[in-house]
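So the structure is just underneath, and the comments pick up after that.
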Amino acid sequence: MHSGFLFAALLILVGLGFKMASVPFHIWAPDVYQGAPTPVTAFLAVGSKAAGFVILIRVFAVDGFKNEALMPVIGSVLGLMAGLSILLGNWTALPQRNLKRLLGYSSISHAGFLLLGVSCLSERGIQAVLLYLSVYALASLLAFYIINKLNPVLGGDELPLYAGLSQRSPLLAFALTLAFVSMAGIPPLAGFLGKLGVFAAVWEQGQYLLLGIAVIGAASGLYYYLKIVREMYWNEPTRQASAPIVLNLGSKLLLIVLSAALLIFGFWQIPLARAVSQVLGP
């Protein structure tokens with residue numbers, strides 16, 4: 001293989017790495033997630049990341065099938081980026097006290113899980129990535145919608161401000177819990193089957209070291225996601241912030257629809273699987 005071709009492929013990977021917020025191109029993500037307006041953060045978490053992975057799949061996992069010399073090198077690079085993203089994203093999210101910054105580090109870890117599937121360079125890996133990306137987008141939209149609604153009410157995004165949210169708004173607390181439980185990959189939410197599909201694709205390729213790293217990262221993620229749930233349900237709200245939070249009908253309907261989607265796709269992923277098959281084609 002010509003070295004110039006490989007160099008060009010790696011440069012493309014660098015550009016996509018920034019868009020996907022994967023290690024070692026992740027440095028911007030936590031600061032931008034925390035500092036940007038929440039709708040912008042939601043766009044970066046869903047739209048920008050999805051676009052990056054769609055292009056990555058198209059360039060390397062689909063067209064790359066035909067280049068036997070390129071596949072092993074790109075697969076190894078993607079696997080390395082995936083492992084580092086999973087470990088760094090999850091471990092640096094553990095001590096965070098700002099919710100949007102925590103989700104910034106969490107997005108790095110999710111980029112790692114998605115890269116795991118792409119690194120397989122197989123049809124099963126691509127299907128797993130597209131399914132994972134779909135359910136991750138749903139959970140992210142739900143989480144950032146709630147954060148955006150609560151920011152002016154709570155006066156910020158710091159975790160202590162979410163204390164006792166279940167007493168002030170049971171619906172918001174329940175919906176946010178579903179979003180984070182799905183991101184953590186806990187059954188029966190849709191995120192569990194998304195992670196399971198990626199793990200199965202990696203197992204099929206015999207990448208047991210990467211699979212072990214992924215399991216460690218997923219276990220680490222349980223702590224900081226459930227830390228938020230504990231804040232909402234176990235801690236009492238402050239006396240200054242104990243008034244009920246009133247939602248209009250439109251907000252309630254959107255919360256119910258997104259929450260129901262995470263639950264339904266956790267039990268029944270046939271519609272998503274069909275959509276993925278249609279995207280990939282014959």
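Assorted remarks:
- Filter pass, Ser106 being surrounded by 24 or more Cβ atoms within 10 Å (Cβ to Cβ) and under 30 Å from Gln205 (Cα atoms): yes
- Considering region 9-47, and only residues there that are surrounded by fewer than 15 Cβ atoms within 10 Å (Cβ to Cβ) and among the small types (Gly, Ala, Ser), the residue that is farthest from Val73 (Cα to Cα) turns out to be Gly35.
- Taken together, the residues in region 109-125 that are crowded, with 21+ Cβ neighbours inside 10 Å, assigned to a helix (DSSP H, G or I) and more than 10 Å from the chain's Cα centre (by Cα) amount to 6.
- Hits in region 48-90 - residues which are modelled with pLDDT of 85 or more, more than 15 Å from the chain's Cα centre (by Cα) and either surrounded by fewer than 19 Cβ atoms within 10 Å (Cβ to Cβ) or among the aromatic types (Phe, Trp, Tyr) (or both): Ile55, Ser76, Val77, Leu80, Leu84
- Filtered residue count, region 6-42, keeping only those that are aliphatic (A, V, I, L, M), touching a residue at least 40 places away in the same chain (Cβ under 8 Å) and assigned to a helix (DSSP H, G or I): 10
- Sole residue being crowded, with 20+ Cβ neighbours inside 10 Å, of a type in the set (A, V, I, L, M, F, W, C), in contact (Cβ under 8 Å) with a residue 24 or more places away in the chain and under 19 Å from Gly104 (Cβ atoms), chosen from Leu176, Leu165: Leu176
- Residue check, Ala139 crowded, with 24+ Cβ neighbours inside 10 Å, modelled with pLDDT of 90 or more and part of a helix (DSSP H, G or I): yes
- Scanning region 212-222 finds no residues that are more than 23 Å from Ile256 (Cβ to Cβ), over 14 Å from the mean Cα position of the chain (by Cα) and crowded, with 23+ Cβ neighbours inside 10 Å.
- A single member of Tyr136, Tyr105 is of a type in the set (Phe, Trp, Tyr) and over 17 Å from Ala50 (Cβ atoms), and it is Tyr105.
- Selected residue (only one of Pro282, Pro244, Pro237, Pro271 is at pLDDT below 80 and buried (at least 16 other Cβ atoms within 10 Å of the Cβ)): Pro237
- Count - residues of region 194-206 that are surrounded by fewer than 24 Cβ atoms within 10 Å (Cβ to Cβ) and more than 15 Å from Gly217 (Cα to Cα): 6
The values are calculated or read from the model by the stated rules, or taken from the named source; none is laboratory data. All values derive from a computational prediction rather than experimental measurement. Here Cβ is always computed from backbone atoms with ideal geometry, including for glycine, and neighbour counts include all displayed protein chains.
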